[in-house]
1. As an exercise: evaluate residue 78 against (1) at pLDDT 95 or above; (2) among the small types (Gly, Ala, Ser); (3) loosely packed, with under 13 Cβ neighbours inside 10 Å; (4) on the phi < 0 side of the Ramachandran plot and give the number of the one condition it does not meet.
2. Based on this model, can you work out whether residue 32 counts as among the basic types (Lys, Arg) and closer than 18 Å to residue 20 by Cα?
3. Within the stretch 54-64, take every residue that is touching a Ser or Thr at 6+ places or on another chain (Cβ under 9 Å) and surrounded by 15 or more Cβ atoms within 10 Å (Cβ to Cβ) and give me the one that is farthest from residue 22 (Cα to Cα).
4. Which members of the stretch 33-79 meet the condition of being within 22 Å of residue 13 (Cα to Cα), among the charged types (D, E, K, R) and more than 11 Å from the chain's Cα centre (by Cα)?
5. Which number in (1) basic (Lys, Arg); (2) at pLDDT below 95; (3) surrounded by 16 or more Cβ atoms within 10 Å (Cβ to Cβ) marks the one condition that residue 24 misses?
6. Please indicate, with yes or no, whether at least one residue in the stretch 48-55 is of a type in the set (A, V, I, L, M) and at pLDDT 95 or above.
7. Considering the stretch 15-38 alone, what residues qualify as being touching an Asp or Glu at 6+ places or on another chain (Cβ under 8 Å) and closer than 15 Å to residue 67 by Cα?
Amino acid sequence: MKATLKLGRIGMTMEEATIVRWAKQPGEAFVKGEILYEIETEKVTQEVEAPGNGTLIEILAPEGAEVAVNDNVCVVESA
């Protein structure tokens, strides 16, 4: 089943983040807890883990993009 992952809030005052790096590319499989991408906010750089097993289908927010909390980041297909 395909799902769109959104940028979650990692701090109470976080409103947006910059996508620093994608650890996976479209077509690559991942397991729960594996790093999908890295974000940078005003206060911290944080790796974002996969919420479950699956495959990255499409990147919606490329490296360098500023993304608001709850905006779509990528499309995945669950395993």
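The values are calculated or read from the model by the stated rules, or taken from the named source; none is laboratory data. In this text, all values refer to a predicted model and were calculated from it rather than measured experimentally. Glycine also receives a Cβ, built like all others from the backbone with ideal geometry; neighbour counts cover every protein chain displayed.
1. Checking residue 78 against (1) at pLDDT 95 or above; (2) among the small types (Gly, Ala, Ser); (3) loosely packed, with under 13 Cβ neighbours inside 10 Å; (4) on the phi < 0 side of the Ramachandran plot, the one that fails is (1).
2. No, not satisfied.
3. Within the stretch 54-64, the match that is farthest from residue 22 (Cα to Cα) is 54.
4. Correct list: 40, 42, 43, 66.
5. (2)
6. Yes, because at least one residue in the stretch 48-55 is of a type in the set (A, V, I, L, M) and at pLDDT 95 or above.
7. If the condition is that a residue be touching an Asp or Glu at 6+ places or on another chain (Cβ under 8 Å) and closer than 15 Å to residue 67 by Cα, then 16, 17, 18, 19, 20, 21, 22, 37, 38 are the ones that fit.
For (1) over 14 Å from residue 77 (Cα atoms); (2) assigned to a loop (DSSP other than H, G, I, E, B); (3) touching a residue at least 40 places away in the same chain (Cβ under 8 Å), each residue gets a yes or a no:
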site	(1), (2), (3)
11	yes, yes, no
27	no, yes, no
32	no, yes, no
42	yes, yes, no
46	yes, no, no
61	yes, yes, yes
